[in-house]
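What follows is one structure encoded as structure tokens, with my remarks underneath.
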């Protein structure tokens, strides 16, 4: 289960990590981002493995609750999909522009602007 949920939890942590306690932030980052085991985190932080497990479970629940209310990750993914669709459409138009060099150059300039958005 950890492998499937890791990318989502990392992204949720990126969006909402600042709303967690410092301890929760460290545990989530260590577990999902650094791929540390519960035992390794417990030893590093000087707490029990069960304490790490409980903190991780509470942090994950909090991150999911923030996403359910604010939908930042969902909106981000929608924006990514929209940008990809615009790029594909522009690529098609650039290809169809044929010998209209000025038009192709303008379309390419727009594509470059979109590429620079780095969404």
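Brief remarks follow.
- Taking Cα atoms only, the orientation of helix 49-70 departs from the longest principal axis of the chain by about 40 degrees.
- Extension gain, residue 70-residue 4: 0.36 nm per intervening residue step, less the Cα-Cα distance, totals 21.5 nm.
- Label assignment, semi-axes √(5λ) of the Cα gyration tensor in Å derived from the structure, set (i) 22, 17, 14; (ii) 24, 20, 11; (iii) 44, 13, 11: (iii)
- With Cα atoms, 0 to 90° folded angle of helix 2-16 axis to the chain main axis: 80 degrees
- Computed over the chain, the per-residue total of -39500 (n - 2.57) for DSSP H runs of n ≥ 4 gives a 222 nm mean residue ellipticity of -26000 deg cm²/dmol, rounded to 500.
Where a number appears in this text, it was derived from the coordinates with a stated rule and is not lab data. Not measured: the values here are computed from a predicted model.
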